[in-house]
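The values are calculated or read from the model by the stated rules, or taken from the named source; none is laboratory data. Note that the coordinates shown come from a computational prediction; the quantities given were computed from them, not determined experimentally. As a convention, Cβ positions derive from the backbone with ideal geometry for all residues, glycine included, and neighbour counts pool all protein chains shown.
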Amino acid sequence: MSQAIVFDTHEAVKRLKSVGFNDAQAEMQTRIIVELVNDQLATKRDLEELKNDLTIRLGGMLVAGIGAIATLLKWIGH
């Protein structure tokens, strides 16, 4: 389960309003940014889980490859 990234929504709304956004625009833009950040960016924990998964897969492929080569060498040797 990934954890949310901290984003100061109050500050974002204030900054958008300071450059001419009205309240509704600033709040909607901030809500969109929060959704994108929480849904699309990987956290350190996400990356660690991916690394572990890829390590296990690579290990499995190496075992399968070595087994296939050993079988071929045994078959060719006879």
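Before we move on, is residue 30 of a type in the set (S, T, N, Q), modelled with pLDDT under 90 and surrounded by 10 or more Cβ atoms within 10 Å (Cβ to Cβ)?
no
Could you please give the count of residues in the range 33-78 that are closer than 15 Å to residue 9 by Cβ and at pLDDT 95 or above?
Counting residues in the range 33-78 that are closer than 15 Å to residue 9 by Cβ and at pLDDT 95 or above gives 0.
May I ask you to list the residues in the range 1-27 that are exposed (fewer than 12 other Cβ atoms within 10 Å of the Cβ) and part of a helix (DSSP H, G or I)?
Matches in the range 1-27: 10, 11, 18, 23, 24.
Among the residues of the range 29-59, write down those that are touching a residue at least 24 places away in the same chain (Cβ under 8 Å) and part of a helix (DSSP H, G or I).
Hits for the range 29-59 are 33, 34, 37, 38, 45, 46.
Hey, can you tell me all the residues within the range 60-78 that are part of a helix (DSSP H, G or I) and not aliphatic (A, V, I, L, M)?
Within the range 60-78, 60, 65, 67, 71, 74, 75, 77 meet the criteria.
Specify the residue that is surrounded by the fewest Cβ atoms within 10 Å (Cβ to Cβ); the eligible residues are those in the range 33-78 that are polar (S, T, N, Q) and within 19 Å of the chain's Cα centre (by Cα).
40
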